Amino acid sequence: MKTNEYNSKVWDKKVEDQVVYTKPVTQEMIKESKAGNWRITVTTEKAVPRHWFPANLKGLRILCLASGGGQQGPILAAAGAEVTVVDLSEKQLEQDRFVAERDNLQLTVARGDMSDLFFLENESFDMIVHPVSNVFVENVLPVWKEASRVLKEGGTLISGFTNPLLYLFDDEQEDKGILDVKNRIPYSPLELLTKDELQKYKESNLALEFGHTLEDQIQGQIDAGFVINGFYEDDFGGSRLIDQYIKTFIATKAIKNAG
């Protein structure tokens, strides 16, 4: 199974089904952003601290990486940034185009793989905003290396990602109110699911998600040339059983080292 091709089709279908992570921001949110009253998330509930951004975004070149859906990109563009949105799903990118046309925003979109940004030049962005999405690639290390390559020295990478603990448990048992340890970390559905289980994924339009180790998520950024200087956690807002015990999303702010 080709992960990228499969997940791209899944997200195209999610847009058609209007799932929450594919719904674009409203005109009122864009209006507020133009007035300087904006917020974005890179996890689920909690907003990225405003002090992680410059006070003024005007002219700042921001790459919204694997960030289609008409959400982060349009908000940042309305706040004054020069935004490029890259995503694997064409229909997710259509949501960004829709908001840009609706609200008269300058926004560049490009279909591409977060692990291979060959179509973007070296050191061409001041900032990268990367919401929870590297869960959809088998190997996260190339994502950090590509982010470092296209980011200017001293530039900022803001990332949201999943704590791999989320993938320890049996989903069906959790639905019954039981946290039953079933899987190992790193988690790969391609290795652990049976052929019949993978077929159910296809029938239910479930994306292939990979539980990367914290070493790959955090040390991977450091090895790619970043210094991490911001960190917070988030959860599903209480909608999952595991929320009662631990937060399963992480956001980091990282600065690309000079030299």
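Brief remarks on what is shown
- Hits in segment 117-130 (condition: within 24 Å of GLY70 (Cβ to Cβ) and either in a strand (DSSP E or B) or open to solvent by 10 Å² or more (accessible area, probe 1.4 Å) (or both)): PHE119, LEU120, SER124, PHE125, ASP126, MET127, ILE128, VAL129, HIS130
- Here VAL181 fits the description: exposed (fewer than 13 other Cβ atoms within 10 Å of the Cβ) and in contact with a helix residue (DSSP H, G or I) (Cβ under 7 Å, 6 or more places away or on another chain).
- Check on GLY36, assigned to a loop (DSSP other than H, G, I, E, B), surrounded by fewer than 22 Cβ atoms within 10 Å (Cβ to Cβ) and touching a Gly at 6+ places or on another chain (Cβ under 8 Å): no
- The set of residues in segment 1-41 being under 27 Å from LEU193 (Cα atoms) and basic (Lys, Arg) consists of LYS2, LYS9, LYS13, LYS14.
- Counting only helices (runs of 4 or more DSSP H) that fall entirely inside segment 158-259 and contain at least 1 residues that are closer than 22 Å to TRP144 by Cα and polar (S, T, N, Q), the qualifying elements are 220-223.
- Residue match in segment 94-111 (condition: more than 15 Å from the chain's Cα centre (by Cα), under 27 Å from VAL25 (Cα atoms), among the aliphatic types (A, V, I, L, M) and open to solvent by 30 Å² or more (accessible area, probe 1.4 Å)): yes
- Test: residue in segment 14-21 that is among the basic types (Lys, Arg), in a helix (DSSP H, G or I) and over 16 Å from the mean Cα position of the chain (by Cα): no
The values are calculated or read from the model by the stated rules, or taken from the named source; none is laboratory data. Bear in mind that the values here come from a model prediction, so they are computed numbers and not experimental data. Ideal geometry is used to build each Cβ from the backbone, glycine not excepted, and the neighbour counts take in all protein chains shown. Remember, those area values only see protein heavy atoms, side chains included, never the ligands or the DNA or RNA. Shrake-Rupley method; radii C 1.70, N 1.55, O 1.52, S 1.80 Å.
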